[in-house]
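The values are calculated or read from the model by the stated rules, or taken from the named source; none is laboratory data. Just so you know, these numbers come straight off a predicted model, no measurement behind them. Note: ideal-geometry Cβ built from the backbone for every residue, glycine included; neighbour counts use all protein chains shown.
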Amino acid sequence: MIRITLGEATLNKAEELLGQLADKASNVSGGLKNVGEALNRTHRARFESGTAPDGSAWTPLSERTMAQKKGPGILREGGYLLASMNYIVSGNVLEHGFNTPYAAAQQFGSTHKITPRRPGGVLAIPNPARGNSPIFARSATVTIPPRPFSGFGPMEEEAAREAVAEWLDVENL
């Protein structure tokens, strides 16, 4: 058995520090805002590196998509998906996510049929194998592979811990 006896000055300091921690813990919204900002940083880094929360690389773009690509990288055509990232703190709840209509299709993957906008029209689908000369079709099935960009992996866990420690000011307690 180990017995520790604190002197009066040390005991007073410990009680003061515990009181400060209790005061902070009674209103965690500030800490959650720090975590929200940290999650924004890790998710921006994820878009730069093209990796999922588990660290795996996103599925590369198809040749057809690469031939039509205008933006700087996967999931970054116009920057709208990343720009839609946000968080909300309400009491002791933090919600973090993306609010574009197509975010779920990119996160989880999707298969859907596309048709021309005009009735009776045809789709002109560029064919990279033929120098992008189009293939004409009345409809096509498009498959978007899952490219998980949102989540809570090891990088987010570490960033959240650091954000909470900074908020608690653990180093100076």
Taking the condition of being over 28 Å from LEU81 (Cβ atoms) and without any contact (Cβ under 8 Å) to a residue 60 or more places away in the chain, how many residues in the range 152-173 meet it? 5
Within the range 99-138, track down each residue that is part of a loop (DSSP other than H, G, I, E, B) and under 32 Å from the mean Cα position of the chain (by Cα). ASN99, THR100, PRO101, TYR102, GLY109, THR115
Here the residues within the range 51-82 that are within 11 Å of the chain's Cα centre (by Cα) and either free of Cβ contacts under 8 Å to residues at least 24 places away in the same chain or assigned to a loop (DSSP other than H, G, I, E, B) (or both) are THR51, ALA52, PRO53
How many residues of the range 139-151 are in a loop (DSSP other than H, G, I, E, B) and among the polar types (S, T, N, Q)? The answer is 2
Of the residues that sit in the range 1-50 and are β-branched (Val, Ile, Thr) and part of a helix (DSSP H, G or I), which one is modelled with the lowest pLDDT? THR10
Test for HIS96: is it assigned to a strand (DSSP E or B), under 14 Å from GLY151 (Cβ atoms) and in contact with a strand residue (DSSP E or B) (Cβ under 9 Å, 6 or more places away or on another chain): yes
Report, ordered by the first and then the second residue, all pairs with beta carbons closer than 8 Å, sequence separation of six or more or different chains, a first member in the range 129-151 that is touching a residue at least 40 places away in the same chain (Cβ under 8 Å), and a second member that is among the hydrophobic types (A, V, I, L, M, F, W, C) and part of a strand (DSSP E or B). PHE149/PHE98; SER150/PHE98
May I ask you to list the residues in the range 112-143 that are surrounded by 13 or more Cβ atoms within 10 Å (Cβ to Cβ) and among the hydroxyl-bearing types (Ser, Thr, Tyr)? THR115
What number goes with the only condition from (1) under 24 Å from ALA163 (Cβ atoms); (2) in contact with a helix residue (DSSP H, G or I) (Cβ under 7 Å, 6 or more places away or on another chain); (3) in a helix (DSSP H, G or I); (4) not aromatic (Phe, Trp, Tyr) that VAL89 does not pass? (3)
